[in-house]
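To start, the structure under review is shown below, and the notes come after it.
The values are calculated or read from the model by the stated rules, or taken from the named source; none is laboratory data. Keep in mind the model is a prediction, meaning the values are calculated, not measured. Glycine gets a Cβ as well: all are built from the backbone with ideal geometry, and neighbour counts include every protein chain shown. The protein model used for the area step is the full one, side chains on, heavy atoms only, and it has no ligands, DNA or RNA in it. Shrake-Rupley method; radii C 1.70, N 1.55, O 1.52, S 1.80 Å.
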Amino acid sequence: MAPSQVPSLSSFSLSSLRNVYQALRGTNATYLTDRDFPGPTLRGKWIIISGANNGIGYEAAKSFAAWGANLILACRDPPEPELHPRLAVRHCTDVAISQGHQSLIEWWELDMADLRSVEAFCNRWLQTDRPLDILCNNAGIAGATDRHVTRDGFPIVHQVNFLSHVLMTLSLLPSLARSAQPRIICTTSCLHHLGVLDLDHFQGGADTKGSQYANNKLYYQIWIAEMQSRFFRHPQYQHITINGVNPGYVITGLWNSIEDNDTAAHVLRRFLMHLGISGQQGSLAITHAATSPELGASPRNQDGNAPVARVGGKYINRIWEAPAHYYCDDLHMRLQVWRKVDEELELYNKGLLAVLGR
């Protein structure tokens, strides 16, 4: 950002200063140890984690394997030099065996830049007729030019970081609802505090206000809050929790995809040189949200009734609950984002909002 582009402090409103402060809290680089994560028993649990062959997704997958979970590594067939998912499966399997587990760990191909791939993946899972215990929506890219449009016609950042996660989550709800204590963990970002709700340029573009990356993370966190509120209103979903997590400023290959003038993403990459944490440390945001007792609802009663305790819809800064952007508490704003996503993905027409509503 050129000096002439930096707004003066006097131009900030009180709410803007609050958002900057909350975004900066995401730089928390406190080193976490095994004492913070005793390692729960996940034997018999089924976990799907996207982007599991690289960065924090790969590290989280290894932790889940060490705790005995069955894993589906949902990844594309990546270009070099990324770790191939087959090797990620082998490494996770070795970790599981070293801890005395006989987990089933597989790679299922998933390309978040192709909605047909997302639908095929979800249909494949639903055909297994297994309850899904934990869904980790982790795949993402840091930035791309507006010229990078998917075969579905959306800017790639908008689709990979947001739309495909929405489609995947809604498609897998029947399987999640069958689990006793299902959780959905969504990798958002502290930069959602710097996003702009620009409904006129929801997909991005040259005239978009704010950063495309930060905007999509804001839309995602808003959608998470609305999703949880709708879970609460429907008994068959009240035991499902969904939370957004900021893994911290993590040094991973994610930032190699920055190719445009996405200011927030470039500034973040500069921060990494001084404030970055390892992929293993960043992965603790995912594993904590997936296993921490206080971040999950109570299981259904034996008679099938929903639990009384209502949790979820939160923003977790690494392992600490923090305030989300104030738009996440704005019912009108949440409804606008919900309807905008429905419009783009035709969710209602696909039958994915039959229970949750438009």
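Here are the numbers:
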quantity	calculated
Where a residue in the stretch 115-141 is free of Cβ contacts under 8 Å to residues at least 24 places away in the same chain and over 24 Å from Leu42 (Cβ atoms) and its partner, wherever it lies, is assigned to a helix (DSSP H, G or I) and open to solvent by 60 Å² or more (accessible area, probe 1.4 Å), with Cβ under 8 Å and at least six apart	none
Of all residues making up the stretch 126-150, the number that are modelled with pLDDT under 95 and either within 24 Å of Asn349 (Cα to Cα) or of a type in the set (Val, Ile, Thr) (or both)	3
Residue within the stretch 21-39 that is touching a residue at least 60 places away in the same chain (Cβ under 8 Å) and on the phi > 0 side of the Ramachandran plot present	no
Only one of Ile258, Ile316, Ile277 that is open to solvent by less than 20 Å² (accessible area, probe 1.4 Å), modelled with pLDDT under 95 and in contact with a His (Cβ under 9 Å, 6 or more places away or on another chain)	Ile258
Residue count for the stretch 54-82, restricted to those that are open to solvent by less than 10 Å² (accessible area, probe 1.4 Å) and touching a Lys or Arg at 6+ places or on another chain (Cβ under 9 Å)	3
Flag for Leu194 being more than 27 Å from Arg151 (Cβ to Cβ) and either of a type in the set (Ser, Thr, Tyr) or touching a helix residue (DSSP H, G or I) at 6+ places or on another chain (Cβ under 8 Å) (or both)	yes
Residue match in the stretch 205-215 (condition: surrounded by fewer than 24 Cβ atoms within 10 Å (Cβ to Cβ), at pLDDT below 95 and touching a Pro at 6+ places or on another chain (Cβ under 8 Å))	yes
Test for Ile49: is it under 23 Å from Thr128 (Cβ atoms), out of contact with any Cys (no Cβ under 7 Å at 6 or more places or on another chain) and not in a helix (DSSP H, G or I)	no
Residue in the stretch 337-348 that is in a helix (DSSP H, G or I), at pLDDT 90 or above, among the acidic types (Asp, Glu) and open to solvent by 40 Å² or more (accessible area, probe 1.4 Å) present	yes
Residue within the stretch 180-193 that is within 28 Å of Gly44 (Cβ to Cβ), among the polar types (S, T, N, Q), open to solvent by less than 20 Å² (accessible area, probe 1.4 Å) and under 17 Å from the mean Cα position of the chain (by Cα) present	yes
Evaluation of Ser164 against (1) under 28 Å from Ala324 (Cβ atoms); (2) of a type outside the set (Phe, Trp, Tyr); (3) in contact with a strand residue (DSSP E or B) (Cβ under 7 Å, 6 or more places away or on another chain) (one fails), failing number	(3)
In the stretch 239-253, the residues that are more than 12 Å from Ala285 (Cβ to Cβ) and modelled with pLDDT under 90	Ile251, Thr252, Gly253
Qualifying positions in the stretch 284-300 - of a type outside the set (Asp, Glu) and assigned to a helix (DSSP H, G or I)	Leu284, Ala285, Ile286, Thr287, His288, Ala289, Ala290, Thr291, Pro293, Leu295
The one condition in (1) open to solvent by less than 50 Å² (accessible area, probe 1.4 Å); (2) closer than 27 Å to Glu321 by Cα that Thr93 fails to fulfil	(2)
Among (1) at pLDDT 95 or above; (2) of a type in the set (A, V, I, L, M); (3) assigned to a loop (DSSP other than H, G, I, E, B) - the single one Ala61 does not satisfy	(3)
Residues of the stretch 306-336 classified as among the hydrophobic types (A, V, I, L, M, F, W, C) and outside any loop (DSSP other than H, G, I, E, B), total	7
Scope the stretch 200-217; condition in contact with a Ser or Thr (Cβ under 8 Å, 6 or more places away or on another chain) and among the aliphatic types (A, V, I, L, M); matching residues	Ala214
